[in-house]
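The structure under discussion appears below in the form of structure tokens.
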Amino acid sequence: MSGYRVVLQVFDEAGAAERRQAEQRYGRALEAELGGAELVAPVYRQYLRLLQIHGEAVDLEALDEAERAIMQGWQAAEAAALSAALGPHRYMGDAQFEIVLD
């Protein structure tokens, strides 16, 4: 069990099969970027914790090395996941992916 699932929140143009495929591509890309399915949930939890502590506009210079690695790693994984899930249209439309932790 991976400890998370991906839910595509808004994507009016997609049918159920397209939505599932986009969710799967997003999850696979997160896993590939972070080093495995078992790392997605713990890295995401740490990322959320850092956002709670430092706010949405995190100053990377204010973080220690481990915290910076979490922030930058999650942000890179999220960007790769969006690209993998939506391809060249990742900046268009209302597609929003949610990570639901188990």
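The values are calculated or read from the model by the stated rules, or taken from the named source; none is laboratory data. Being a predicted model, the structure only gives us computed values, none of them experimental. We place every Cβ from the backbone using ideal geometry, glycine too, and count neighbours over all the protein chains shown.
Can you tell me which residue is farthest from the chain's Cα centre (by Cα) among those in the range 54-74 that are in contact (Cβ under 8 Å) with a residue 12 or more places away in the chain and not in a loop (DSSP other than H, G, I, E, B)? Looking at the filtered set, the residue picked out is Leu60. When Ala77 is tested against (1) at pLDDT 95 or above; (2) of a type in the set (A, V, I, L, M, F, W, C); (3) in contact with a Gly (Cβ under 9 Å, 6 or more places away or on another chain), just one condition goes unmet, and that condition is (3). Please specify each residue of the range 1-45 satisfying the condition of being part of a loop (DSSP other than H, G, I, E, B) and either over 15 Å from Asp94 (Cα atoms) or touching a Ser or Thr at 6+ places or on another chain (Cβ under 9 Å) (or both). Result: Met1, Ser2, Gly3, Gly35, Gly36. Residues of the range 1-40 that are of a type outside the set (Asp, Glu), buried (at least 18 other Cβ atoms within 10 Å of the Cβ) and out of contact with any helix residue (DSSP H, G or I) (no Cβ under 7 Å at 6 or more places or on another chain): Gly27 alone.
Residue-by-condition table, conditions (1) modelled with pLDDT of 95 or more; (2) in contact with a Phe, Trp or Tyr (Cβ under 8 Å, 6 or more places away or on another chain):
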| position | (1), (2) |
| --- | --- |
| Ala29 | yes, no |
| Glu33 | yes, no |
| Val40 | yes, yes |
| Val43 | yes, yes |
| Leu48 | yes, no |
| Leu60 | no, no |
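Tell me yes or no: at least one residue of the range 43-51 is farther than 15 Å from Ser2 by Cα and either of a type in the set (Lys, Arg) or buried (at least 19 other Cβ atoms within 10 Å of the Cβ) (or both). Yes - at least one qualifying residue is present in the range 43-51. Please specify each residue of the range 76-102 satisfying the condition of being surrounded by 14 or more Cβ atoms within 10 Å (Cβ to Cβ) and of a type outside the set (Val, Ile, Thr). Hits for the range 76-102 are Ala77, Glu78, Ala80, Ala81, Leu82, Ser83, Ala84, Ala85, Leu86, Arg90, Ala95, Phe97.
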